[in-house]
1. Check whether at least one residue in the range 126-134 is part of a loop (DSSP other than H, G, I, E, B), within 19 Å of residue 169 (Cβ to Cβ) and touching a helix residue (DSSP H, G or I) at 6+ places or on another chain (Cβ under 9 Å), and report yes or no.
2. Please find, among 56, 69, 99, 34, the residue that is within 27 Å of residue 309 (Cβ to Cβ) and either assigned by TED's automatic domain parsing to the domain that holds residue 429 or buried (at least 23 other Cβ atoms within 10 Å of the Cβ) (or both).
3. Tell me, which residue of the range 426-442 that is more than 13 Å from the chain's Cα centre (by Cα) and surrounded by fewer than 22 Cβ atoms within 10 Å (Cβ to Cβ) is nearest to residue 95 (Cα to Cα)?
4. What about residue 318, is it free of Cβ contacts under 8 Å to residues at least 40 places away in the same chain and either surrounded by 18 or more Cβ atoms within 10 Å (Cβ to Cβ) or under 24 Å from the mean Cα position of the chain (by Cα) (or both)?
5. Which of the residues belonging to the range 500-558 are basic (Lys, Arg) and out of contact with any strand residue (DSSP E or B) (no Cβ under 9 Å at 6 or more places or on another chain)?
6. From (1) assigned to a helix (DSSP H, G or I); (2) among the aliphatic types (A, V, I, L, M); (3) closer than 18 Å to residue 427 by Cα, pick out the condition that doesn't hold for residue 73.
7. Looking at (1) surrounded by 21 or more Cβ atoms within 10 Å (Cβ to Cβ); (2) in a helix (DSSP H, G or I), which one does residue 266 not meet, given that it meets all the others?
8. If we scan the range 584-607, do we find a residue that is within 29 Å of the chain's Cα centre (by Cα), of a type in the set (Gly, Ala, Ser) and buried (at least 22 other Cβ atoms within 10 Å of the Cβ)?
Amino acid sequence: MTVGLLDTIISPLELKKIPRSDLPALAAELRKIIVQVVSKTGGHLASSLGAVELTIALHYVFEAPKDKIVWDVGHQAYAHKLLTGRKDQFHTLRQHNGISGFTRRSESPYDAFSAGHSSTSISAGLGISCAKRLKNDPAKVIAVIGDGSLTAGMAYEGLNQAGDIHKDLIVILNDNEMSINQNVGALSSFLSRKFSAKMLQDLRREFGDFLKSLPMIGDDVYQFAKRSEDSFKTFITPGMLFEAFSFEYFGPINGHRLNHLIDILNNIKMLKEPVLLHVSTVKGKGYLPAEKNPVHFHGVGCFEIESGVSNGRKPTAPNYTDVFGKAMIKLAETNKRIVAITAAMPEGTGLIKFSEAYPDRFFDVGIAEQHGVTFAAGMATEGFKPVVAIYSTFLQRAYDQILHDVCLEALPVVFAIDRGGIVGEDGSTHHGLFDLSFLRSLPNMVVMAPKDENELCAMLATAIAHPGPVALRYPRGAGWGVNIASEWPLLPIGKAEILKNGDDVLILAIGRTVGEALQAWEILLKEGISATLVNARFVKPLDSDMICSLVKKIPRIVTVEENVLQGGFGSAVLECLSDHAVTGYRLIRLGIPDSFVEHGSQSLLRSKYGIDAQAIAQASRRLLTE
């Protein structure tokens, strides 16, 4: 059996022993194993394939883990994992008890910072750099950030401070969208390489000091010389922006030319000031289906390697995201005030067809959730009905804007919160397990969650008709396969519905857990246990009249939610009963405990954390036997 180059690498120390001439072969090996594994596990393929050479060069030049490499988001770090001792575990990628699809400090000392949400690398890297200077630690810090992540304001906040305090930090901009003309690219690569050479940098600095020392005219001459150099340099490169932040800018360079990458990184690491290296890469590089369709292969399920076609089992029911997207188009046909807003996720939120049908009423704000929410608030003040479609986990980033800019004045903004609850293999940074808790505390906010895909449509229509802010939260994945009505009557705000009647146990469920509770109801019925099942619909306002009256008749209660228990739906029920002085009941709350949920399949995690049908049935039995 032939031993590949990757088989000899236990850590970056072995990588450094490989001749430069063999590194392209190593890159091909890395791409092959990444495609093989992701075809079976799913994952973020295109971004990791595009960063292979950059990853090799970084570990070839720097001394990780002493030097700290901070990957923004982390979903481009598969090659990094393979080169840092995780090759034998790589087949467990994103599987329960396997390695994470993102960087995790708890997983490896080579993962300098845990990631999952975008645009954190510069801030984290600067914090690490400042801490190292306080400890007199000369190690280097490198933050790798994608061009998409630079649409977030946090990235510029990090750049601004780094340039201001002038700390030793290398930022690498991995630009996988810009296409650079061959001639311009060659010239800019030459300039960047020459400008980065330590000898020329020292000469440039010494000459600058000499000019500034000239009596009377020194500073003016120095500024003129610097402007002359900068104007020539920025005329052929996009470096003006970064130099405005007091970064030394180099690039753009071809991010797939290993020799050139290694040379320029060796030169740049000698500098002791903020540096930005602009690297141009191809998303999906080396795997043709991903190169042709990088959006699809950004985050992909299982697929056939030869064709790139998904080989996963097709769901029998439409997914909530698609149902939402179609409902938006239908509602917008008759309501010209509806506008749709998303934060760099038109495909993921189901709004791509809306953007084609109503291009003037669709707004993609980039990875800028805070801006997106306040932008929506501004539109609402002018009489429009903004629907802000953002994943639950990403909406967390805009909490202050929801509170201050939307809820304070009760502006009619609808938050369509996709991926509410357990999302699966993306893990702890992506589970939407906190939204019920952080939203229901906000004055003027209505919080609701549909039991199925048909109720999602009715709730969307209700939310758009409501004169104040509404959060509509729904899960990832397929619905229950119910028929979707052609017309959607508006739901009375704050009113629950009784789905089943029984005398032994009262089950109060919200959102997707209603479907699990229906299955539990059938299990219990076969055992001779009758339960009243309530679809709460609203976490806020809660249907206190119905709940209190039912508890007085059936004092054995199970609440179930796909949210953390602290401050969630079950807590709302307890508060309601306390406020109405209801006593003499026993209540079991089912939900997520005080912990972060790891990655794994949705069904496995729902079973593990006790929020599926079997867990609901078991909790009901406990109430009747204890």
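The values are calculated or read from the model by the stated rules, or taken from the named source; none is laboratory data. Note that the structure is a prediction, hence the values are computed from the model and not measured. Cβ atoms come from the backbone with ideal geometry, glycine included; neighbour counts cover every protein chain shown.
1. There is no residue in the range 126-134 that is part of a loop (DSSP other than H, G, I, E, B), within 19 Å of residue 169 (Cβ to Cβ) and touching a helix residue (DSSP H, G or I) at 6+ places or on another chain (Cβ under 9 Å).
2. That would be 34, the only listed residue that is within 27 Å of residue 309 (Cβ to Cβ) and either assigned by TED's automatic domain parsing to the domain that holds residue 429 or buried (at least 23 other Cβ atoms within 10 Å of the Cβ) (or both).
3. 434
4. The answer is no for residue 318.
5. Within the range 500-558, 526, 552 meet the criteria.
6. Result: residue 73 fails condition (1) only.
7. Residue 266 satisfies all of (1) surrounded by 21 or more Cβ atoms within 10 Å (Cβ to Cβ); (2) in a helix (DSSP H, G or I) except (1).
8. Checked the range 584-607: at least one residue is within 29 Å of the chain's Cα centre (by Cα), of a type in the set (Gly, Ala, Ser) and buried (at least 22 other Cβ atoms within 10 Å of the Cβ).
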